[in-house]
Amino acid sequence: MSEVLQITSPSVSKAQKREYDNINELPDEVLISILARMPMKEAARTSVLSRRWKKLWTYHPYLVFDGSNSLRGIHSRSEQVLESEQFTYLNWVNDVLESHHDAAIDEFKIRFYLDQCYQSDIDDWVRFAFGKKVQIFELDLSSSRVISHVQDSGYELCSHTLHFQTPLSLTSLVLKQVRVSGEVLENLLSNSPFLERLCIGASTSLVHLRLAGPSLCLTYLEITACARMKSLELDAPNLLSLKYSGQNIEIRFIEVPNLAELFIGGMFVETCTRSYLLPLVPTFASQLQKLVVEMRVDERKMMLFEYPILTQLKELELQVRARDHDSLLCLTSLINASPSLNQLSLELSWSKSYTRRRVMKVKRHHYNLKEVEIRGFVGGMVDTEFCTYLVENAIMLEKMSIDPFTKNEKGGGNCFKAERARAARVRAEDLRSKYGVEDKLVIL
């Protein structure tokens, strides 16, 4: 399309002009389809080509307003700079919406830090998108780069904003740093018969949420960092995947016959007790196929856990925070409770301590575990001990990959981390030579 934008230049060849003429002969529907494959800003630039092209981009079905890059480093600049960026972003969105002509849009995404000062504008955007029968809607008003913000000063999604005569066309709804109550969400879901994906993050207004009904199409639910949440009730026959990370809340699983993937993290795991967390799992233990747990190692507490047998669990991912004198062998009870486990992933975030202990030995054979991934490997006692355990006890082990970096550390240019990674790889090589796993061990 860049060639098309340059067609008015006197230096273009006759072949390029013929190509432009051929494109110009296509029906509007085809040209709009081509523009839909371009980012919205790029599509808008085609308006300078001719009178006909001037309005074609205004039928773009994917309205993605991602202004998050302009917030980089904003915490080190003045409030006036932030307000200027917000004013520019507001004008950009409003100008595009005023120009848009199509009766329906497939996707509408807002990604920028805005608070309740812009309540009226954001309300208008919500009404616009829902009125255009949007299918994928995202309202992400968060920014980790902006420090000076009060939790309760965020935009509030109210019921009066969502007053529509006909059912919505939503299939995916993402709300981040948006104040929305359980009542508003429940009403929204009752009016969204096609909604399959719901993600709520950092809402200070969400306290109680009940998702129920045989007509509920929801297959994926994600709730993270909702600081005041107290309870979640699920009667969702089509739910396949649940992610919850946040406060320790009451979760009632009424009917979740198809739940196959579960992610739990935050204080929900940190403060759970033997009498509370474990009764949750047996209700769907026999159907769970993937489990992700974000936790801090607490050996004494975890030794008390009596895990239910997870007969169908194939994938286990553990995102662990530990000190270098901790032992990850307390995790082996969970691995042992998963007789069908095929893939194990461990991501380790560790902190140094000066307490010493002896290397521990545990013997528990695992007969189906074939693939192991270790991220954040440092080669200390905490992870070397765990890797040694797996090499000795995973009878059918085919591959163990060791990466000195976590997912968040990938691509970083920190010299200290690079040196730490080199030392970790040397220690990982010691495992290869000591246990004869040359063909199984992959060091990244």
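The values are calculated or read from the model by the stated rules, or taken from the named source; none is laboratory data. Predicted model, so just to flag it, every value in this text is computed and none were measured. Here the Cβ is made from the backbone with ideal geometry for all residues, glycine too, and neighbour counts use every protein chain on show. Remember, those area values only see protein heavy atoms, side chains included, never the ligands or the DNA or RNA. Shrake-Rupley method; radii C 1.70, N 1.55, O 1.52, S 1.80 Å.
Worth a mention:
- Residues satisfying the stated conditions in the stretch 177-211, i.e. outside any loop (DSSP other than H, G, I, E, B) and open to solvent by 40 Å² or more (accessible area, probe 1.4 Å): ARG179, GLU183, GLU186, ASN187, SER190, ARG197, HIS208, ARG210
- Those residues of the stretch 157-177 which are modelled with pLDDT of 95 or more and within 25 Å of GLN86 (Cα to Cα), in sequence order: LEU157, LEU173, VAL174, LEU175, LYS176
- Sole residue being farther than 23 Å from GLN319 by Cβ and open to solvent by less than 30 Å² (accessible area, probe 1.4 Å), chosen from LEU216, LEU221: LEU216
- Boolean, ASP121 is in the same structural domain as LEU175 (by the TED database), in a loop (DSSP other than H, G, I, E, B) and either buried (at least 19 other Cβ atoms within 10 Å of the Cβ) or at negative phi (or both): no
- Criterion applied to GLY436, GLY379 was being over 25 Å from VAL297 (Cα atoms) and either open to solvent by 30 Å² or more (accessible area, probe 1.4 Å) or in contact with a Pro (Cβ under 9 Å, 6 or more places away or on another chain) (or both), and the one residue passing it is GLY436.
- Some residue of the stretch 102-110 being buried (at least 17 other Cβ atoms within 10 Å of the Cβ), touching a helix residue (DSSP H, G or I) at 6+ places or on another chain (Cβ under 8 Å) and in a helix (DSSP H, G or I): no
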